[in-house]
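Asker: Handing you this structure, nothing more for now.
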Amino acid sequence: MKKVITLLAAATLAANTFAGTITVKGSDTLVILAQKWAEVYMGQHADTKIQVSGGGSGIGFAALQNQTTDLCDASRKIKAAELQKCITVFGGARPTEYKVALDGLSVYVNPANPLKELTVEQVGDIFTGKIKNWKEVGGEDAPISVYSRENSSGTYEFFKEHILKGKDFAATAQTMPGTAAIVQAVVKDKNSIGYGGAAYGGGSKLLAIKKNASSPAIEPTEENVMNGTYPIWRHLYVYVNPAQDKGEIGAYLSWIRSDDGQKYVKDIGYYPLPKNLRSN
Amino acid sequence: MGIHRGHKARPIEWLAEKFIFLVSLSAILMVLLIFLFVAREALPVFFGQTNTALIQTPIPPDDTDKHSPAELQAYLELTPDEFAKMSKTTLRTLMEVKVEAQADIPENFRNDPDAHINTTQWKYLMLPHQWDNYDKPEFIWQPVGQIKKFNIIPLLIGTLKVTLIGLLFAVPLAVGAAIYVSQMARPRVREIVKPAIELLSGVPSVVVGVFALLIMASVLQAIFHYQTRLNAFVAGIALGFAVIPVIFSIAEDALTSVPRAYTQAALALGASRWQTAWQIVLPAALPGVFAAAVLGFGRAIGETMIVLMVCSASVMSWSIFDSARSITTTIAAEMAEAVNGGPHYRILFMLGALLFVATFLSNMIGDLVIHRFKNKLEGKR
């Protein structure tokens, strides 16, 4: 019995003194990429342990405030209310924001839809419900069924702020729990439209997007997203308490944004940061 | 061994009894604690302590000293404790962030009349409002964005719509099955049908949801030719499958507990089995069947996964072929991203409290009616 207790005590002591655990929490958009990074990094550094979990950008920021996570993945910028909480907890310091990848967002339609391109404004008007029929944008005479994400999604907020210019989504827009669910609905519904990451769009048709009526239509390809000609894209972020941004965590963060770390971004369906954004 | 009348409980029995008592006590305590927690998080909404006005007059950080600590604490939305512990630099940074947040508001919202109102007031939660960019006053649930719109009426209608469709589908089927199994089926058939229906309650609701999303939605659309593929009708039918076992097993209990003397008397007087079931047994068991439906309502209104997967657009419409968004869906889908302690978070908890009261009342009514019914059959009045 005594032996067991000593063993147990030794084990807990070992677990406590084991410093090399980094916890990462936040955006579901980033969770697969974060896991990939963690896997590769742990392979290279045997004494570092990285725990990755999702839940949503908001969950990540809440954990950052409660200091239950070291890094917070986010698919949107931090909100003023979250920033205030962080500053209060961090003793006056703002959380450091790192851009870690690019994400190009595509507009999906059913493969049977003859339409090939839309302007950003038309996309916005379709999602706000101002345009209700495909013939208004040069398609067939059929009502448009709109599929959107849940309002907890960072993608939803990005779309609302930048494509809908802050206007509300149509009340009839059906909200789906994830990008894969949107794609599935779009593939099953002939008159549908949806949005999400280009890499998830398998089976649906990705529309080419025109910045305005007179500019050329741009396909959502890697090249077009990376050189900035495709108009719908966003950054993905990692936030950290500046007091912790050193040692192992600091090394991991700079590895993520190095050429070596950025190599894995494309495997997951996002795009690596342009060279000028990598080291800062 | 044998029976020991008046035998004193052995210590182990005494212990077991107390343990079981503690367990049941902790269950009651748990329910109470959950309700207190939900109510506490929701209280600021009831007291009007939340503010969502987009445009506020910021205090320049250099003027910090001109304001009293109480003013600053309210302005920064901090608790007195947090405010007291804060250092000068933290205060300064917070003041700067407030100013920056105001500067970040997009140009097109600066002249928006809605940017000045606190949308968490009851009149905006319950009544239609003429929002900018809309043609007429409307009920809108759009809790994320620059102007946050928290009208709960579309959610209440969505919840009721889906629940009622579910009950309209489930009650006749479940009660019919209960009458058949308890009154007409041969023992062999009963032994198969009864466990089979009760097995349905063991199917996780997420599985029912996926089935409805992928298969039922397409089949029903092919039959009824409506425009919106995922709508309240599909969700209601799927919900019905989750509720049927609940209603069935309680209704079946009620029907079998009608004394056999009733049936025998009816049959002896020359009534057919069908007449006996419909005109004697069912009326006698009616309170129990009603209670089954009420408990089914409680189960349906609280069901989350099925509705979440099948339909979730917050449309203000009574049409069953339009989408709907239920309260449970809203809480499950939005809680994760709501800023902790913010207005959206508070309102979700308020909705949770509402739901808690609704299910509590329906369960209580169901229980009371069952109790009455049992007493009546046993002649206790």
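Asker: Note down the Stokes-Einstein diffusion coefficient of chain B in µm²/s, whole number, using a Kirkwood radius over alpha carbon pairs, 10 °C, and 1.306 mPa s.
Answerer: Values: Rh = 25.2 Å.
Value of D from the Cα-based Kirkwood radius: 63 µm²/s.
Asker: Mean separation of Cα pairs under 8 Å and 6+ residues apart, divided by the residue count of chain B: what relative contact order is that in percent?
Answerer: Values: 473 pairs, mean separation 78.4, N = 381.
With pairs under 8 Å counted, the relative contact order is 21 percent.
Asker: Over region A:197-267, what portion of Cα pair distances is larger than 15 Å, expressed as a whole percent?
Answerer: Working: 1674 of 2485 pairs.
Result for the distance tail: 67 percent.
Asker: Viscosity 1.306 mPa s, temperature 10 °C: give me the Stokes-Einstein translational D for region B:152-219 in µm²/s, with Rh taken as the Kirkwood radius over C-alpha pairs.
Answerer: Working: Rh = 14.4 Å.
Here the translational diffusion coefficient equals 110 µm²/s.
Asker: I would also like to ask the following. Once you charge only the Cβ atoms, +1 for Lys and Arg and -1 for Asp and Glu, what is the size of the charge dipole of region B:80-183 about its Cα centre, to the nearest 20 debye? Can you show the working numbers first?
Answerer: Values: 10 positive and 11 negative charges, 65 e Å.
Roughly 320 debye, rounded to the nearest 20.
Asker: Out of region B:168-270, which chymotrypsin sites (Phe, Trp or Tyr not before Pro) are coil in DSSP terms and have no more than 15 other C-beta atoms within 10 Å? List each step's numbers first, then the result.
Answerer: Values: sites: B:Phe169, B:Tyr180, B:Phe211, B:Phe224, B:Tyr226, B:Phe233, B:Phe241, B:Phe248, B:Tyr262; in loops: B:Tyr226.
For chymotrypsin sites (Phe, Trp or Tyr not before Pro) across region B:168-270 that sit outside H, G, I, E and B with at most 15 neighbouring Cβ atoms in 10 Å, the list reads B:Tyr226.
Asker: How many partner chain Cβ atoms sit within 10 Å of a residue's Cβ in peptide A:170-183, on average, as a whole number?
Answerer: On the way: counts 2, 14, 9, 5, 11, 10, 5, 7, 0, 0, 0, 2, 0, 0.
Average neighbour count from other chains, rounded to a whole number: 5.
Asker: For region A:140-280, report the convex hull volume of the alpha-carbon atoms normalised per residue, in Å³, without decimals. Each step should come with its number before you reach the end.
Answerer: On the way: hull volume 21.6 nm³, N = 141.
Considering the Cα atoms of region A:140-280, their hull volume per residue is 153 Å³.
Asker: Can you compute log10 of I(q)/I(0) for region A:143-210 with the Debye formula, treating each Cα as one identical point scatterer, at q = 0.22, 0.24 Å⁻¹?
Answerer: Debye intensities relative to I(0), on a log10 scale: -0.99, -1.17.
Asker: Given the options B:Ala174, B:Gly145, B:Ile55, identify the residue whose Cα lies farthest towards the positive end of the charge dipole of chain B (+1 on Cβ of Lys, Arg; -1 on Cβ of Asp, Glu).
Answerer: Farthest towards the positive end: B:Ala174.
Asker: Here is a further query. Count, for each residue of B:304-316, the Cβ atoms from other chains sitting within 10 Å of its Cβ, then give me the mean as a whole number. Please report the intermediate quantities before stating the final value.
Answerer: Values: counts 0, 0, 0, 0, 3, 3, 1, 2, 8, 11, 6, 5, 2.
Average per residue, whole number: 3.
Asker: Follow-up. Hey, can you grab everything whose amide H is under 5 Å from the amide H of B:Thr52? Only 5+ residues off in sequence or another chain; H modelled, so Pro and N-termini drop out.
Answerer: Distant-sequence amide H within range of B:Thr52: B:Thr119, B:Thr120.
Asker: With springs only between Cα atoms under 10 Å apart, run a GNM on chain A and tell me which of A:Thr29, A:Thr155, A:Thr221 wobbles the most.
Answerer: Maximum fluctuation in the GNM of chain A, among the listed residues, is at A:Thr221.
Asker: Based only on Cα atoms, what Rg/Rh ratio does chain A have, Rh being taken as Kirkwood's radius?
Answerer: Working: Rg = 21.7 Å, Rh = 20.5 Å.
Reported Rg/Rh (Cα atoms, Kirkwood Rh): 1.06.
Asker: What is the local net charge at A:Arg149, summed over the other residues whose Cβ is closer than 13 Å to its Cβ (Lys, Arg +1; Asp, Glu -1)? Provide the component values of the computation, followed by the final result.
Answerer: Details: positive: A:Arg76, A:Lys160; negative: A:Asp28, A:Glu150, A:Glu157, B:Glu334, B:Glu337.
My count for the surroundings of A:Arg149 gives -3.
Asker: So how do B:Asp81, B:Asp65, A:Asp168, A:Asp73 line up by other beta-carbon neighbours within 10 Å, fewest first?
Answerer: Working: B:Asp81 9, B:Asp65 6, A:Asp168 23, A:Asp73 29.
The fewest-first ordering by Cβ neighbours comes to B:Asp65, B:Asp81, A:Asp168, A:Asp73.
Asker: Work out, in µm²/s and without decimals, the Stokes-Einstein translational diffusion coefficient of region B:306-381 at 25 °C, 0.890 mPa s, Rh from Kirkwood over C-alpha pairs.
Answerer: Values: Rh = 15.3 Å.
D = 161 µm²/s.
Asker: Helix-only estimate, please: 222 nm mean residue ellipticity of the protein assembly as shown, summing -39500 (n - 2.57) across DSSP H runs of length 4 or more and dividing by its residues, to the nearest 500.
Answerer: Details: 27 runs with 334 residues, N = 661.
Roughly -16000 deg cm²/dmol at 222 nm, from the helical runs in the protein assembly as shown.
Asker: What is the projected area of the convex hull of the Cα atoms of region B:272-355, averaged over all directions, in nm²?
Answerer: 8.3
Asker: Still on this structure: Would you work out which of A:Ile256, B:Gly352, A:Leu118 lies farthest towards the positive end of the dipole of the protein assembly as shown, given +1 charges on the beta-carbon of Lys and Arg and -1 on that of Asp and Glu, about the Cα centre?
Answerer: After comparing all options, I get B:Gly352.
Asker: Note down the magnitude of the dipole of the protein assembly as shown about its Cα centre, charges +1 on Lys and Arg C-beta and -1 on Asp and Glu C-beta and zero elsewhere, to the nearest 20 debye.
Answerer: Working: 62 positive and 56 negative charges, 477 e Å.
It works out to roughly 2280 debye.
Asker: Could you compute Rg(Cα) / (2.2 N^0.38 Å) for the protein assembly as shown, with N its residue count? Show your work: numbers first, answer last.
Answerer: Numbers: Rg = 29.7 Å, N = 661, 2.2 N^0.38 = 25.9 Å.
Compared with the compact-globule rule of thumb, the protein assembly as shown sits at 1.14.
Asker: Quick one: Cα centre-to-centre distance for region B:170-184 and region B:192-237, in angstrom?
Answerer: Comparing the Cα centres of region B:170-184 and region B:192-237, I get a distance of 20 Å.
Asker: I've got another one for you. Using modelled amide H (1.01 Å from N, peptide plane; none on Pro or chain starts), what sits under 5 Å from the amide H of A:Arg149, excluding residues fewer than 5 places away?
Answerer: A:Met176
Taken together, the values in this text are just the output of simple stated rules run on the coordinates, not laboratory data. Note that the coordinates shown come from a computational prediction; the quantities given were computed from them, not determined experimentally. Note: ideal-geometry Cβ built from the backbone for every residue, glycine included; neighbour counts use all protein chains shown.
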